[in-house]
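Right, one structure below, let's go through it.
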Amino acid sequence: MKSYHQLIGIAELQAMAYPADCRVMDCRFDLMQPQKGHSEYLAGHIPGALYADLDRDLAGPVTDASGRHPLPKADDFKATLESWGIGPGTQVVVYDTASGALAARLWWLLRWFGHARVAVLNGGLDAWRAASGEMETEVPEYPASSFPASPDAGRVTTTGEISAAISEGRELHLVDARARPRFDGLTEPIDSVAGHVPGAINFPFTGNINADGTWKSPEELRQAWATLLGSGTPPAFSVMCGSGVTACHLVLAAAIAGLDEPRVYVGSWSEWIRDASRPVGRLEAADLA
C-alpha cells in the first residue's frame with residue numbers, strides 16, 4: 001500500500017478500502033463545547049474511524065505553568081496509540097470537519113513520536129460528504145498494538161528558549177498562527193491576556209486553505225512562506241498559536257511547501273502569559289490611525 005505523509009485525497013482514501021494496516025482518526029473538537037466533537041462523531045463518521053479527543057488524547061494535564069494543551073506524557077500517548085491499534089507500520093489518516101486545524105495536531109504528534117506514515121484528509125469530513133462518502137455510527141474496535149515511544153525533543157520550542165532569545169536581543173523567527181485581531185491584541189476570546197510575543201510575526205493558519213476547506217497548492221504555500229520570511233532560503237523558525245494546536249497546521253503547510261519543518265512552541269500564547277513578567281506585544285493606537 002502506498003504511504004501518505006502529508007495530505008491524502010478523498011478518492012485515495014476510498015480506494016484504500018480500509019486495509020488492516022490503516023487507521024482513520026476523527027479529530028473533531030469545539031473549544032467552547034468540548035463534548036460536541038464526540039457527539040458529532042457518534043452521530044456519524046467515516047467508516048472504521050476512531051475518535052481522538054483533543055483534551056483527553058492529544059494533550060497532557062494542564063498545570064499552573066503550562067498552556068491549555070501541553071504535550072501528553074510519552075508513556076500516556078504511547079498507551080493511547082496502542083489502544084487505537086496503531087503500530088509502527090500503520091498508515092494513519094486524520095480528519096476534522098474541513099480545514100485540518102485540529103487533525104494537524106494528531107498529524108504532528110505522531111511525527112513528534114517518530115511516526116511518519118500519517119496524512120491529513122484534504123478537505124476533511126466536508127469534502128468526504130460532498131463526494132457522497134459513506135458514513136456510519138458504529139464505533140469500531142481494534143486489537144491493541146505495540147508502539148515504540150521515541151519522542152523527538154528537537155521538534156519542540158520552549159518558553160525558556162524564546163525568553164532567552166528576547167532577553168539577548170536575538171531575532172526570534174517565531175510565526176504565530178492565530179487570527180490577526182488576536183495577534184494584534186484587539187480581541188481575545190479564549191485567553192486572559194490579548195497580544196503576542198514581541199518579535200513574532202503573524203501568519204493566520206486559515207491562509208493555508210481554500211474557501212472549500214481544501215489545502216492550497218504547494219506552489220501557493222511556497223510563495224506565501226517566501227513572502228512572509230523573505231526570498232531565498234528561509235531561516236530555521238518556530239511556530240505557535242493559542243495553545244499549540246493550529247501551530248501544527250503551519251508545520252504541515254511548511255512541509256507541503258517543501259520547507260524544513262519548523263519547531264512547535266507547544267505552550268504557545270496561553271503558556272507565555274502564565275507569567276505576568278513576560279513582555280506582551282500589541283498593536284499601538286497610532287497604528288490604527
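Every number here is computed from the coordinates shown, using simple stated rules; none is lab data. Note that this is a predicted model, so its numbers are computed, not measured. Every residue, glycine among them, receives a Cβ derived from its backbone with ideal geometry; neighbour counts consider all protein chains shown.
Can you find, among L109, A144, Y95, the residue farthest towards the positive end of the dipole of the range 7-151? Put +1 on the C-beta of Lys and Arg, -1 on that of Asp and Glu.
L109
Based only on the alpha carbon positions, what is the Kirkwood hydrodynamic radius of the range 154-288, in angstrom? Write out the running numbers ahead of the final one.
Working: mean 1/r = 0.0658 Å⁻¹.
For the range 154-288, inverting the mean 1/r across all distinct Cα pairs yields 15.2 Å.
Mean 1/r over all different Cα pairs, inverted: what Kirkwood radius does the range 7-151 give, in Å?
On the way: mean 1/r = 0.0651 Å⁻¹.
After inverting the pairwise mean of 1/r, the radius is 15.4 Å.
Calculate one ³J(HN,Hα) per residue across the range 108-119 by plugging θ = phi - 60° into the Karplus curve 6.51 cos²θ - 1.76 cosθ + 1.60, and present them in order as whole Hz with x for glycine and proline.
6, 4, 5, 5, 4, 8, x, 10, 8, 7, 9, 9
Please determine, in degrees from 0 to 90 and to the nearest 10, the orientation of helix 218-229 with respect to the longest principal axis defined by the Cα atoms of the chain, where the helix direction is its Cα long axis.
20
Near the amide H of V118, under 5 Å away, which other amide H atoms are found, from residues 5 or more places off or on another chain, if H is placed in the peptide plane?
V92
What does a probe at S217 reach in the range 88-128, counting residues whose amide N is under 19 Å from the point 7 Å along Cα→Cβ?
122-123
For each of Y142, Y41, Y95, count neighbouring Cβ atoms within 10 Å of the residue's Cβ, then give the residues from fewest to most.
Ranked by crowding around the Cβ, least crowded first: Y142, Y41, Y95.
Sorted from largest down, what three extents in whole angstroms do the Cα atoms of the chain have along their principal axes?
Reported extents, whole Å, longest axis first: 56, 39, 34.
Rounded to the nearest 10 degrees, what's the angle between the helix 74-83 long axis and the longest principal axis of the chain, both from Cα atoms, 0 to 90?
It is inclined by approximately 30 degrees.
If we count other beta carbons within 10 Å of each Cβ, what is the order of S268, S231, fewest first? Show your work: numbers first, answer last.
Numbers: S268 28, S231 7.
Fewest-to-most ranking of S268, S231: S231, S268.
How many nm is it between the label spots at E134 and D75, if each spot is 7 Å from the Cα in line with the beta carbon?
Between E134 and D75, the label points sit 4.1 nm apart.
Which number gives the lysine pairs in the chain that have C-alpha atoms under 27 Å apart and are eight or more places apart or on different chains? Before the final figure, lay out the partial values.
Numbers: K2/K78; K2/K216; K36/K73; K36/K78.
Going through the chain pair by pair, I get 4.
For a quick check: sort D96, D184, D275 by the number of other beta carbons within 10 angstrom, fewest at the front. Provide the component values of the computation, followed by the final result.
Details: D96 26, D184 19, D275 10.
Least crowded to most crowded, the residues run D275, D184, D96.
Between the range 1-46 and the range 121-158, how far is it from one alpha carbon centroid to the other, in angstrom?
5
Which far-off residues, 5 or more places away or on another chain, put their amide H under 5 Å from the one on D176, with H placed in the peptide plane?
Residues meeting the criterion, in which the H sits 1.01 Å from N, are I201, N202, F203, M240.
Amide H of V156 versus every other amide H placed in the peptide plane: which residues, excluding those fewer than 5 positions away on the same chain, fall under 5 Å?
Those qualifying (amide H under 5 Å, at least 5 residues apart or on another chain) are V264.
Rounded, prolate or oblate: pick one for the range 2-48, where a ≥ b ≥ c are the square roots of the eigenvalues of its C-alpha gyration tensor, a/c under 1.5 means rounded, and failing that, prolate if a/b is larger than b/c, else oblate.
prolate
Whole-Hz Karplus ³J(HN,Hα) for the range 177-191, in order, using 6.51 cos²θ - 1.76 cosθ + 1.60 and θ = phi - 60°, x for Gly and Pro?
Going residue by residue, I get 8, 6, 4, 4, x, 5, 4, 6, x, 7, 7, 8, x, 10, 8 Hz, with x marking Gly and Pro.
Could you work out which residue, out of P189, P34, P204, moves most in a Gaussian network model of the chain, that is, has the largest mean-square fluctuation with Cα springs under 10 Å?
Its mean-square fluctuation being the largest, the pick is P189.
Starting from 0.36 nm per residue, how many nanometres of slack lie between T63 and A43 once their C-alpha separation is accounted for? Write down the numbers at each step before the final one.
Values: separation 20, 0.36 × 20 = 7.20 nm, distance 3.31 nm.
Full-extension gain reported as 3.9 nm.
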